[in-house]
1. Please identify the pairs in which a residue from segment B:62-80 that is within 12 Å of chain A (Cβ to nearest Cβ) has its Cβ atom under 7 Å from the Cβ atom of a residue that is among the basic types (Lys, Arg) and surrounded by fewer than 24 Cβ atoms within 10 Å (Cβ to Cβ), counting only partners at least 6 apart or on another chain.
2. Considering each of A:43, A:17, A:95 in turn, give the residue that is within 21 Å of residue B:207 (Cβ to Cβ) and either in a strand (DSSP E or B) or within 14 Å of chain B (Cβ to nearest Cβ) (or both).
3. When you scan segment A:28-44, how many residues do you find that are crowded, with 20+ Cβ neighbours inside 10 Å and of a type in the set (D, E, K, R)?
4. Could we say that residue A:12 is over 20 Å from residue A:83 (Cα atoms), within 9 Å of ligand 1 (Cβ to nearest atom), over 17 Å from the mean Cα position of the chain (by Cα) and more than 14 Å from chain B (Cβ to nearest Cβ) here?
5. Would you confirm whether any residue within segment A:163-182 is within 14 Å of ligand 1 (Cβ to nearest atom) and under 22 Å from residue A:93 (Cα atoms)?
6. Could you tell me how many of the residues in segment A:20-40 are among the charged types (D, E, K, R) and either within 10 Å of ligand 2 (Cβ to nearest atom) or within 14 Å of chain B (Cβ to nearest Cβ) (or both)?
7. Mind checking whether some residue in segment A:106-123 is within 12 Å of another protein chain (Cβ to nearest Cβ), in a helix (DSSP H, G or I), surrounded by fewer than 24 Cβ atoms within 10 Å (Cβ to Cβ) and modelled with pLDDT of 95 or more?
8. Is it true that residue A:69 is over 24 Å from residue A:215 (Cα atoms) and more than 12 Å from ligand 1 (Cβ to nearest atom)?
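The values are calculated or read from the model by the stated rules, or taken from the named source; none is laboratory data. Worth saying up front: this structure is predicted, and the values here are computed from it rather than measured. Here the Cβ is made from the backbone with ideal geometry for all residues, glycine too, and neighbour counts use every protein chain on show.
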Amino acid sequence: MIRITGVSHRIGSAAILHDIDLTLPRGKLIALIGPNGAGKSTLLRLVARLEPLQQGRIEVDGLDLAATPTERLALAMAVMGQQTHIASRLRVAELVGFGRWPHHRGRPGAADRAAVEAALEAFGLAPLRHRFLDEISGGQAQRAHLAMTFAQGTDWLLLDEPLNNLDMAHSRALMARLADLVRGSGRSVVTVVHEVNYAAAWADHVVAMKNGRVVAQGPAEAVLTEPVLSALYDTPVEVARHDDRPLVLHHHWHDQLGTPFPEAPDAARPTVH
Amino acid sequence: MTARPLVAGLVLALLVLASLGLGAARIGPDAAAGEGWTALVLMESRLPRTLAVLLTGAALAVAGVVIQSLVRNRFVGPDTAGTGESAALGLLAVTLLAPGAPIWVKMVVASLSAMAGTALFLQIVRRLPVREVMLVPIAGLVLSGIIGAVVTWVAWQADLLQFVGTWLMSGEFSGVIAGRYELLWVAGAAAGLAWFAADRFAILSLGDEVATGLGLSTRGVMRLGMVVVSVVSAMVVTTVGMIPFVGLVVPNIVARIMGDNLRASIPVVAAGGAGLLLACDLLGRIVRHPYEIPVGTILGVVGSGIFLWLLYRPPAHG
Ligand SMILES: Nc1ncnc2c1ncn2[C@@H]1O[C@H](COP(=O)(O)OP(=O)(O)OP(=O)(O)O)[C@@H](O)[C@H]1O
Ligand SMILES: [Mg+2]
């Protein structure tokens, strides 16, 4: 369980987070949603101790962030930030290998090698294992970074917009893998997602943030509703059902009042060859 | 692929043999080993000189890898971070204030002073906008220039200009004899320490966030890196003077070929630095034989040539 109590955060004179109290349950796939600038990354970075805690208290499985050595925390949680560009010229397998470093600290054993292989396999990186990071595509590099986080093998996985750069198939595969990690091996995942339907389809628990506050949280069913989402994003949203889960429709042509346009302009029609 | 290390090792061995054989006094395979004069030249001059060049080249190249991973910029070297000039400043200070201090005190002061200079450089780099990669080397050059000017000014005031000249001028190995180069072993040991901590430096180059996520104490690694770079610079500058470009170009070439997995690449970097410096030293001894051109001058030409080539032939994705 991650327990966040009374956490506020300022950057300069701007208040970014306001007195947040939040408990993230173990063994669940948790989606963190909200508009740009809501404070999702800031909160995740505080939990991941990438940002010094200014006020309040955060515990990860009983470990107080402020009092636990960083190397111990690396065995409890793995993290992938929103905009980490890795400039090092490493091979894919070498990068993923560093995910095991918290465990072996320089002397990899058989278990470490197996974990690296499994992570490479899981992200379809086996054919790219000897390629340099600066010689693969953005999405492939993103997958390599994710594989490193997976290889770390921690109970908690904190991911900030992991679907960035991923195509439809790899996005789906990633969500399925995260769900599998949660349901199959009882681990816990917190992930920021912008496409709410990924939350709708896969998340067990959804936390919605806006303006530095948590505005709603609970099971996907309870949070992903028309009133909550419309208010959260200040845009009209329609929620249908599909496969017994919410399906959020928001790409339609609506006017300001939320009534659909009678007909899309010609330019918006696809040309079919 | 597999033949490469073999070829490289062979080239290095040939360079060593040439260095042992070449000099004003002729010694060669025909001069029977153990003959008094030959053995004397070999043990007192040629061997120390060759060892000094190898140690210096290896240590500087490894220090280059370390400073590049500390600032995450490939365009800096231990000679463009103000480190050598800071070492000279420390040595000058101790010479003025405590002329009778034993040599080890002087070296400790020089190293500490080099560390302060490196720390200053890192502080400046932290404040630069991340995207402006070229500001980092420029900042280093400006800092080196300022500290170098301070050293020159103080030395001039104290009438010690000739004395500091040997540190700030282009380095050379012609004065190296047994008993006058042994401090370079300390530089070699510092480079060895860097290899010991290679994974940490490699993880540090992944960025502060990734490093923290992997449980690395970034401050500790930064400090260790500063110690390595400063000790290497201090020992080299005070023993043989400024040696440019080795710490800049060798890590770049090796990274292009084998990447940044430092555990594997640091030994190659060390061998490359040793080989490059030895080749340049030999060149300096041959070109105007029996006179010598300082290796620092040779490197100024060769090194800048290699560097320009590196700049204009960027790797596939820069
Ligand atoms: N370095 C900074 N200086 C000043 N304000 C900042 C800084 N970084 C973030 N902010 C502000 O903090 C707020 C929260 O930012 P944060 O990155 O946590 O948002 P987010 O919810 O992750 O947004 P996004 O969906 O765009 O990633 C924003 O209003 C942003 O403008
Ligand atoms: Mg964000």
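1. Sorted first by the residue in segment B:62-80, then by its partner, the pairs are B:68/B:74.
2. Working: A:43 fails: either in a strand (DSSP E or B) or within 14 Å of chain B (Cβ to nearest Cβ) (or both); A:17 fails: within 21 Å of residue B:207 (Cβ to Cβ).
On inspection, the qualifying residue turns out to be A:95.
3. Matching residues across segment A:28-44 total 1.
4. Working: over 20 Å from residue A:83 (Cα atoms): yes; within 9 Å of ligand 1 (Cβ to nearest atom): yes; over 17 Å from the mean Cα position of the chain (by Cα): yes; more than 14 Å from chain B (Cβ to nearest Cβ): yes.
Yes: the conditions hold for residue A:12.
5. yes
6. Residues of segment A:20-40 among the charged types (D, E, K, R): A:21, A:26, A:28, A:40.
Filter once more, so that each one left must be either within 10 Å of ligand 2 (Cβ to nearest atom) or within 14 Å of chain B (Cβ to nearest Cβ) (or both): A:40.
So the answer is 1.
7. Of the residues in segment A:106-123, the ones within 12 Å of another protein chain (Cβ to nearest Cβ) are A:106-108.
Those still in the list that are in a helix (DSSP H, G or I) too: none.
No; the residues of segment A:106-123 include none that is within 12 Å of another protein chain (Cβ to nearest Cβ), in a helix (DSSP H, G or I), surrounded by fewer than 24 Cβ atoms within 10 Å (Cβ to Cβ) and modelled with pLDDT of 95 or more.
8. Numbers: over 24 Å from residue A:215 (Cα atoms): yes; more than 12 Å from ligand 1 (Cβ to nearest atom): yes.
Spelling it out, residue A:69 is indeed over 24 Å from residue A:215 (Cα atoms) and more than 12 Å from ligand 1 (Cβ to nearest atom).
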